[in-house]
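Please treat every number below as a calculation from the coordinates, not as lab data. Just so it is clear, the structure is predicted and the values come from calculations on it, not from any experiment. Glycine also receives a Cβ, built like all others from the backbone with ideal geometry; neighbour counts cover every protein chain displayed.
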Amino acid sequence: MRTIRIYVDQPLKTGIEISLPRQAAAHVARVLRLRIGDPLVLFNGDGVDYAGELIESDAREARVRVRAERAAAGESPLRITLAQALARGEKMDWIVQKATELGVASIVPLITERSEVKLDSARAHKRVAHWRGVAIGACEQSGRARIPAIHAPDTLQAWLRLLDPQTHETRLALLPDGELGPRGLGRIEEDVLLAIGPEGGFGESDIAALRNAGFRGLTLGPRILRTETAGIAAIAALQALHEDV
């Protein structure tokens, strides 16, 4: 039986009764067609699943009683930050969705030397809110109870300046001529920074900045991958090697 999971932006604990947000209530009644007494799981991003029971439902309101709580088991042992060059249109939505399903801890949209997507501050704020909604939906689907942090878009150079040179992350940039394949990486730290270029790839100044910040070149083989494919493939490869299966 499929587990129905719904995100709510409020504190949760065993024994309480809550009203679902209006959109979620409508989804429960009209799409899922749940009935009184049906089970569902609530989560709020704190890493815990809250098992509940539907106690009231109509087209405008749904109420749930929380029956029990348990730590969710859907998190990856690797804490991956995906630093992804901004992609056009729905490609970025797809990247956020699939990276969330795979368990990344955070996503940093990057503006690089060859980036063609430009966002002013107002548009960037709206896109971050939209991407967070995409990530929440992916958490509902995939069984995750932690929502990856979605950062505001920043330039590659500005983001690199924020990195602490004293930390011990595994820092990787996906490059067609990278010197290492996934099996050649050796020991991987639990914290991983993975940088992915735009449709035209990282420019020379980008690569120099990444190298200066301690990033090693990662290659996934002889084929050139699209930007929306590259990061997802790299994440899956790293997790498989780290036995996140």
The set of residues whose placed amide H lies less than 5 Å from the amide H of Ala83, leaving out same-chain residues fewer than 5 positions away, is Val108, Leu194, Ala195, Ile196
Can you list residues from other chains, or at least 5 along the same chain, whose modelled amide H is less than 5 Å from the amide H of Ser57? Arg63
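So what is the relative contact order of the range 79-241, in percent, for Cα pairs below 8 Å that sit 6 or more residues apart? Write down the numbers at each step before the final one.
Values: 276 pairs, mean separation 53.2, N = 163.
This gives 33 percent for the range 79-241.
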Quick check of the Kirkwood formula: for the range 159-245, what is the inverse mean of 1/r over all pairs of different Cα atoms, in Å? 13.4 Å
Would you list Ser115, Ser121 from fewest to most Cβ contacts within 10 Å? Ser121, Ser115
Quick one: which residues, 5 or more positions from Arg216 or on another chain, have an amide H under 5 Å from its amide H? H modelled 1.01 Å from N in the peptide plane, none for Pro or chain starts. Arg171, Leu172, Ala173
What stretch of the chain, leaving out the sites themselves, is the longest with no GluC sites (Glu not before Pro) in a DSSP loop having at most 16 other Cβ atoms within 10 Å? 117-178
Between Arg2 and Glu116, what is the spin-label point distance in nm, taking each point 7 Å from the Cα along the Cα→C-beta axis? 3.6 nm
So if each residue of separation counts as 0.36 nm, and I subtract the Cα-Cα distance between Thr155 and Arg132, what length gain in nm does that give? 6.3 nm
Placing +1 on each Lys and Arg Cβ and -1 on each Asp and Glu Cβ in the chain, then taking the dipole about the Cα centre, the residue among Tyr50, Gly181, Ile80 whose Cα reaches farthest towards the positive end is Tyr50
Residues Arg132, Arg35, sorted so that the one with the fewest Cβ neighbours within 10 Å comes first: Arg35, Arg132
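Round to the nearest 0.05 the FRET efficiency obtained for Ala68 and Asp46 when R0 = 22 Å and r is the Cβ-Cβ distance.
0.90
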Which lysines have a Cα less than 28 Å from the Cα of Lys118, not counting those fewer than 8 places away in the same chain? Lys91, Lys98, Lys126
Alpha-carbon spread of the range 5-71, three principal axes, descending order, Å: 30, 20, 16
